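Single-structure report; data block below.
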Amino acid sequence: MGLNRWVGCALALSFGSLLFACGGTAAQGAPGVRCGEGTVNIDGECVSTIDPVGISSDAGKSDAGGNGGGGGSEGDAAIEAEAGNAAVDAADANVDLLTACLGNTNVLILEGEAGNPLQSGFVRIEGGNGWSVETRGNGAPSTVVVRKGDWRTTFSTEARDEPLAVATYIDVQRAGEEAANHAGLNVSHNGLACDVVTGRFAVLELETLPSDAAAPSIGNFVATFEQRCDGGPALRGCVHVTGH
């Protein structure tokens, strides 16, 4: 029909890392809910968990066989447990945001931890006029910028020299200043932005429409994100826009 559509991925949790999942067999449940050995995607399918960037599922785990040979201490176990609990809380927060976004179009939902310089607490922006989506890249976009009011969200894979895809991008840096092979993210408000960005984002749906312009038009775009300014409190959110 002259359009490109990548859809059917969901966030999953593996040893404290949010990964993306694709493909699988039919199942029932809300998006992001765990099912069997995977999660339910936005099409209601139970999908297996994979790591799109080849990071071992053991990454970040302490080495129980290090110097001393006796395994990890109780302190190490407590630190691991605390980190695991924090990761589960972050995953649950992302699932809640994602569920809220999927049922609506032209919506931006953000929830900032206390002390985040851009937003503390919950905000939901939905419908109305003033939405704009800018894309860059020939054919498939490598950058998508969504604007609404004082908020601007930028997702980019230009430094990776590849188009955006339905995937989770981890270890992101500030969009426009990212190093080679890093994806870029920049959520800004009222002209304020982070000097140093860390975090991740996941593109869950990316639909492009035929266009005479050099950059493609967006039919449907769904993404979740987690951004930290200088390693500080997280700003989590999701955006779902259509027909731009």
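The values are calculated or read from the model by the stated rules, or taken from the named source; none is laboratory data. None of these values were measured; they are calculated from a predicted model. Methodologically, a virtual Cβ is constructed for each residue, glycine included, from the backbone with ideal geometry; neighbour enumeration extends over all protein chains shown.
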message: Quick check on segment 119-138: of everything there that is in contact with a strand residue (DSSP E or B) (Cβ under 8 Å, 6 or more places away or on another chain), more than 15 Å from Cys238 (Cα to Cα) and assigned to a loop (DSSP other than H, G, I, E, B), which residue is modelled with the highest pLDDT?
response: Ser120
message: Anything in segment 204-226 that is of a type in the set (A, V, I, L, M, F, W, C) and either at positive phi or within 19 Å of the chain's Cα centre (by Cα) (or both)? List them, or say none.
response: Leu204, Leu206, Ile218, Phe221, Val222, Ala223, Phe225
query: Residues of segment 144-165 being farther than 23 Å from Asp230 by Cα and in contact with a Gly (Cβ under 7 Å, 6 or more places away or on another chain), which ones?
result: Lys148, Gly149, Pro163
message: Considering only residues that are part of a loop (DSSP other than H, G, I, E, B), at positive phi and either buried (at least 19 other Cβ atoms within 10 Å of the Cβ) or touching a Gly at 6+ places or on another chain (Cβ under 8 Å) (or both), which ones fall in segment 174-203?
response: Gly176
Test for Leu108: is it more than 21 Å from Gly176 (Cβ to Cβ) and crowded, with 16+ Cβ neighbours inside 10 Å: no
- prompt: How many residues, within segment 172-188, are over 26 Å from Ser217 (Cβ atoms) and in contact (Cβ under 8 Å) with a residue 40 or more places away in the chain?
  reply: 0
task: Could you tell me which of the residues Thr242, Thr224 is surrounded by fewer than 18 Cβ atoms within 10 Å (Cβ to Cβ), closer than 21 Å to Thr105 by Cα and in contact (Cβ under 8 Å) with a residue 12 or more places away in the chain?
output: Thr242
